[in-house]
Amino acid sequence: MADRTDEVAAGASEQPAPAAAGIAGDVLDPGEQPAPAGRHRRAMDQLPRIGGGWALLFLLPALVVLGALVVYPIGYTIWRSFFSAAGSDFVGLENYGDLFADDATFTALKNNAIWVVVAPAVVTSLGLFFAVLTERIRWAAAFKLLIFMPMAISFLAAGVIFRSVYDQEPERGVLNAVVVSVHDMFSESGQYQGVRARDADALAAEGGGFATAQAVPATEPIQLGFVALPPDRVPTDAIQAVAPPAGPGLRGVIWLDFAQGGGGEPNQIDPNEVGLPDMRVQAVQDGRVVDSTTTGADGTFAFPELTDGSYTLRLPESNFGAGFNGVSWLGPTLITPAIIGSYVWIWAGFAMVLIGAGLAAIPREALEAARVDGATEWQVFRRVTIPLLAPVLLVVLVTLVINVLKIFDLVYIIAPGSTQPDANVLALQMYLASFGGGNNQGLGSAIAVALFLLVVPAMLFNIRRFRQERR
């Protein structure tokens, strides 16, 4: 037994120690470094190394294209911004001074500031709302598809779509059709707008309506004729006008003193002349409305209680008020918010997808722990979800800031020529100054440089964030 133990010990002493082998082989070689820890990095170290010359050869085509399409245009634009419109005279920083002195360029700067403040914040907020909503509703995939679908449409096509959506005429503009429909549910417009009195001396205009020029005795019937009502706007329930029927009280008739095809006598009720139904009539005495009524299908009205005295007949403005024709979305006041609305429609899906990916990566244990501790859903969202989503929200926000600084297509397509100066932005002004009639490539180059300088900080911030996340 002792002999067997001695043989095993002797055999073990004859095997080379791993540490000694490493010292004798790899470690003692001054020209080599020890292999890095980790299976992945060891596998990478086994790949063949490419020398500096070969690496440059492979990179050379990309560097040539990058230099021709990016570096040279940037350098030439900066150089060109110091010269006059013709490019023959050196003007120094004069073009940059015109950025604030020129009204059109200053308006573009102001509008770009509005875009940067409003559009990214609204898109990010909607994206967050949609991302949270998709986790709590059925048919989430269909909802995501619906919200993300506008991203598949080019800005040119989206501009054409929203140019129609914002059309002033409710018959063509979808948005105004909705607004007018909702408005008319609560406030009816006068159905006789645009009509004129046949006898302007007897029936005078008064505050948007009409009133008799002289007080009318209660014992004498009165006839009030109107003209200038198109046939397509004559009420469908209107019938042949008739003279006021006999009876007690103040009575009269209001009719369309015009028959299709012509003929007839002015201020007389002729065949084929219809009454004006549902017109409100007020009897006024001493500046006070003492009674009111509406006309029938044949245009007649009566005040049976007013049997003596004289009264002024007033047809209030509610009969003739112009109908609500929608909002001027493409007017000078609302043109920029309208275009921002179209931008939000396009990019809300982009924000939803990125934020939704961030939501999916949040540990559910953290949310459940907050709920177990008694936090409400709003507290969980505000104190747990939002802080964990902050890096994603920041990346989305900065990316959108870079994007809106370069906005061009939507403004150029949606804004009509009359209000395009009010919706102007830097990218559009750069195009207009250089090629769109301004023929001042010096100023256009200065605008391009200013736009580049505005975009660079946001790009650097995003790159820095990406590098921090990789670490």
Name the residues in region 267-289 that are assigned to a strand (DSSP E or B) and either touching a strand residue (DSSP E or B) at 6+ places or on another chain (Cβ under 7 Å) or at positive phi (or both), would you? Val274, Gly275, Arg280, Val281, Gln282, Ala283, Val284, Gln285, Val289
In region 62-90, the residues that are exposed (fewer than 11 other Cβ atoms within 10 Å of the Cβ) and among the hydroxyl-bearing types (Ser, Thr, Tyr): Ser88
Could you say whether any residue in region 462-471 is modelled with pLDDT of 85 or more, under 29 Å from the mean Cα position of the chain (by Cα) and over 30 Å from Gly87 (Cα atoms)? no
Give region 254-265 a look and list any residue that's under 19 Å from Tyr192 (Cβ atoms), of a type outside the set (S, T, N, Q) and part of a loop (DSSP other than H, G, I, E, B), or say none. Asp257, Phe258, Ala259
Taking helices (runs of 4 or more DSSP H) that do not extend beyond region 91-185, which have at least 3 residues that are surrounded by fewer than 12 Cβ atoms within 10 Å (Cβ to Cβ)? 140-148
Index of the failed condition, Ala369 passing every other in (1) small (Gly, Ala, Ser); (2) farther than 30 Å from Ser181 by Cβ; (3) in contact (Cβ under 8 Å) with a residue 12 or more places away in the chain: (3)
May I ask you to verify whether Val253 is out of contact with any helix residue (DSSP H, G or I) (no Cβ under 9 Å at 6 or more places or on another chain) and either under 30 Å from Ser418 (Cβ atoms) or of a type in the set (Val, Ile, Thr) (or both)? yes
Thr236 being among the β-branched types (Val, Ile, Thr), farther than 25 Å from Pro271 by Cα and in the same structural domain as Val284 (by TED's automatic domain parsing): no
From Ile355, Ile407, residue being outside any helix (DSSP H, G or I) and crowded, with 19+ Cβ neighbours inside 10 Å: Ile407
Out of Pro266, Pro248, I need the residue that is surrounded by 13 or more Cβ atoms within 10 Å (Cβ to Cβ), in contact (Cβ under 8 Å) with a residue 40 or more places away in the chain and not charged (D, E, K, R). Which one? Pro248
If you go through region 215-253 one residue at a time, how many are within 47 Å of the chain's Cα centre (by Cα) and assigned to a strand (DSSP E or B)? 2
Residues satisfying the stated conditions in region 186-210, i.e. crowded, with 17+ Cβ neighbours inside 10 Å and in a strand (DSSP E or B): Ala197, Leu203, Gly209, Phe210
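The values are calculated or read from the model by the stated rules, or taken from the named source; none is laboratory data. Every value quoted in this text rests on a predicted model; they were computed, and no experiment measured them. As a convention, Cβ positions derive from the backbone with ideal geometry for all residues, glycine included, and neighbour counts pool all protein chains shown.
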